[in-house]
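Here is the structure we will look at, set down as structure tokens.
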Amino acid sequence: MSSQAVKLHIQDHHVILDNGILQVTLSKPGGIITGIQYNGIDNLLEIQNKESDRGYWDLVWSEAGSVGTTGTFDVIKGTKFTVIVESEEQVEISFTRNWNHKNKHVPLNIDKRFIMLRNSSGFYSYAIYEHLKEWPPFNLPQTRITFKLRKDKFQYMAIADNRQRNMPLPDDRLPDRSEVLDFPEAVLLVNPIEPEFKGEVDDKYQYSSKNQNLQVHGWICMDPPVGFWQITPSNEFRSGGPLKQNLSSHVGPTCLAMFLSAHYSGEDLVLKLKPDEPWKKVFGPIFIYLNSTPEAIDSLSLWEDAKKQMVTEVQTWPYKFPASTDFPPSHERGNLSGRIQVQDRYLSDTYILAKGAYVGLAPPGDPGSWQRDCKGYQFWTRADENGYYTINDIREGAYDLYAWVPGFIGDYRYDETINITAGCNIDIGDTVYKPPRSGPTLWEIGIPDRSAAEFYVPDPNPKYLNKLYVNHPDRFRQYGLWERYEDLYPEEDLVYTVGVSDYTKDWFFAHVTRKQVDGKYQGTTWKIKFQLDHVNQTKPYTLRIALATANVAELQIRVNDSKTDSPLFTTGVIGKDNTIARHGIHGLYWLYSIDIPGTLLLEGVNTVFLTQAMSSSPVQGLMYDYIRLEGPSSSTST
């Protein structure tokens, strides 16, 4: 490590941050990262790209009232450069772009910051977005930082211990080397430069990750052995909660720091500012970490080192060094602790420990509203095996306390809004979550964990293979799995018999459409058959259906009569998660409780018909998380 002081070199059109370990060059006053020099490589970024297309903050925005998740793509270029801190220990610089009625940019003041510390093998970046009350409203579907690395250097990508590999080149996606599949993001490599990739599918969405797992990812150059890593030490500034999926790294070689996106959620996670609504948010800081090793044979150890650095960054969060007063250090934040238990009298006469519960603070709203929140900050943790939890370093403000417990359906919200102040240590003691329940469980399908991963995920069509996911826990990330439903059920739809069928083998992971001979698609109806020895016709039974995702789908429920015109229940058209097409296993969570009059049920064999009625696309459909039939309420506890 160098002990050289941090230096700032200001030129006519560029500024350079230099601490003797690396040098970072940015355009002035734009604040575009044009070069990163490290370990003898003059520039880790793609030198064949224009300077404005190497490392940058970007966003997508649209006019208020617009529908959908697209809009105007904007690489954010500052109009003013300012030195915030300049010392031997630290340099922090700012590139600002302020809005006025004369320009055509998104109505935001944007302040991009870059920090370099002494003896640090990397640099930090964060930004402050601010919208004033009197400014025009608008939509913001996405914002992020993008790095485009040298394709001749960085060809090995690592996202997780079991998700890393040599990657195709961006040239392999060109028309003469690939074949576009159902979506432009997905291509079949038919004539790649490296023959090992022939016949594989490349799709950036195959490398998405949940926020809670997306703390470090990046690329390795084998000669010389160098790693480029994007480390996100906190999720407080990301939208959608811990399970929200975001892009990470993908062919380019591209490395992303995603802050706000509508992926796997649709328009529900487009930030929409209303008239007269002020808004301000700090995104980041994130850390760009560079490492190296003398021996090429040790190049994969760079991933292990990057994980250790990630732990260090997490432990030092919130950072002390950002100079903006909009980023509060630890002593200006508060802490909260407590214990959560579950009460379900049909499972236990005593409280159940909420082992591994997800517990979080998010802006006030309805139970579960945190998964659609994209304006505020969120702070999440996992409860221990006894249900105890602590959330530290919470920004000041008013929050609701939310939770959900793996193994139980539904969402918990604490009754009172919690006000976090600087230095507070709030212990709210014991709280009890009472999950939806009307009567004893007659049967259930799946595991209530907000994912469809436990159901049957088929092998992919061999011509649509990604070798990384062969014999992999994330086998659902293969392309085209929705087509396999038709292969497995060419004429008759899925029939599941309670007590006989096995949901890990007999319940297809996605309820999708079927392609007809004329090329059009039709809705599909699944059947759940079950036996009732006795029926109480004077009381209702309750069907609980938890969905892991939905994409322009309509789920209709009928009982014992599939021909009736009016279903007993319909969700209406819901969801724009696009999870099926993007190789996910969950998107937004939906929970429905349907009362079934006892008069509709029979002593003997009964059938619940699940119809997914929307049928204009092969990727319309939904994924189930969990289904349960409850008997009528009774005074008994089991």
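The values are calculated or read from the model by the stated rules, or taken from the named source; none is laboratory data. Please read these numbers as outputs of a predicted model, since none were measured by experiment. Ideal geometry is used to build each Cβ from the backbone, glycine not excepted, and the neighbour counts take in all protein chains shown. These area figures cover heavy atoms from the full protein model, side chains too; ligands, DNA and RNA do not enter into them. Shrake-Rupley method; radii C 1.70, N 1.55, O 1.52, S 1.80 Å.
The rows are residues; the columns are (1) in contact with a Phe, Trp or Tyr (Cβ under 8 Å, 6 or more places away or on another chain); (2) polar (S, T, N, Q); (3) farther than 20 Å from ARG54 by Cα.
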| residue | (1), (2), (3) |
| --- | --- |
| ARG113 | yes, no, no |
| TYR126 | yes, no, no |
| HIS131 | yes, no, yes |
| LYS153 | no, no, no |
| ALA160 | no, no, yes |
| PRO175 | no, no, yes |
| ASP182 | no, no, yes |
| PRO192 | no, no, yes |
| ASP202 | no, no, yes |
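Starting from the stretch 148-174, keep only residues that are in contact (Cβ under 8 Å) with a residue 12 or more places away in the chain and open to solvent by 30 Å² or more (accessible area, probe 1.4 Å), then list their pairs with residues that are of a type in the set (Phe, Trp, Tyr) and assigned to a strand (DSSP E or B) whose Cβ atoms are within a distance under 6 Å, requiring at least 6 positions of separation or different chains. From residues that are in contact (Cβ under 8 Å) with a residue 12 or more places away in the chain and open to solvent by 30 Å² or more (accessible area, probe 1.4 Å), the pairs are ASN166/TYR156.
Just one residue in the set GLU385, GLU396, GLU416 is surrounded by fewer than 17 Cβ atoms within 10 Å (Cβ to Cβ) and touching a residue at least 60 places away in the same chain (Cβ under 8 Å); that residue is GLU396. Of all residues in the stretch 540-568, those satisfying the criterion of being crowded, with 17+ Cβ neighbours inside 10 Å, of a type outside the set (Asp, Glu) and in a loop (DSSP other than H, G, I, E, B) are PRO540, PRO567, LEU568.
Any chance the stretch 616-624 includes a residue that's buried (at least 16 other Cβ atoms within 10 Å of the Cβ) and farther than 16 Å from VAL512 by Cα? Within the stretch 616-624 (the criterion being buried (at least 16 other Cβ atoms within 10 Å of the Cβ) and farther than 16 Å from VAL512 by Cα), the answer is no, since none of the residues qualifies. The strands (runs of 3 or more DSSP E) found wholly in the stretch 81-141 include none carrying at least 3 residues that are at pLDDT below 95, open to solvent by 30 Å² or more (accessible area, probe 1.4 Å) and among the polar types (S, T, N, Q). From the list GLU277, GLU295, GLU304, which residue is of a type in the set (D, E, K, R), closer than 21 Å to ASP373 by Cα and either modelled with pLDDT of 95 or more or touching a Pro at 6+ places or on another chain (Cβ under 8 Å) (or both)? Result: GLU277 is the single residue among GLU277, GLU295, GLU304 that is of a type in the set (D, E, K, R), closer than 21 Å to ASP373 by Cα and either modelled with pLDDT of 95 or more or touching a Pro at 6+ places or on another chain (Cβ under 8 Å) (or both). Scanning the stretch 429-464 for residues that are within 25 Å of ALA383 (Cβ to Cβ), in a strand (DSSP E or B) and open to solvent by 30 Å² or more (accessible area, probe 1.4 Å) yields ASP430, VAL432, THR441, GLU444. Report yes if some residue within the stretch 524-533 is under 22 Å from the mean Cα position of the chain (by Cα), modelled with pLDDT of 95 or more and either open to solvent by less than 70 Å² (accessible area, probe 1.4 Å) or closer than 22 Å to ILE596 by Cβ (or both); otherwise report no. Checked against the condition, which is being under 22 Å from the mean Cα position of the chain (by Cα), modelled with pLDDT of 95 or more and either open to solvent by less than 70 Å² (accessible area, probe 1.4 Å) or closer than 22 Å to ILE596 by Cβ (or both), the stretch 524-533 yields no hits at all. Can you name every residue in the stretch 324-370 that is open to solvent by less than 50 Å² (accessible area, probe 1.4 Å), β-branched (Val, Ile, Thr) and within 19 Å of GLY397 (Cβ to Cβ)? Matches in the stretch 324-370: VAL359 only.
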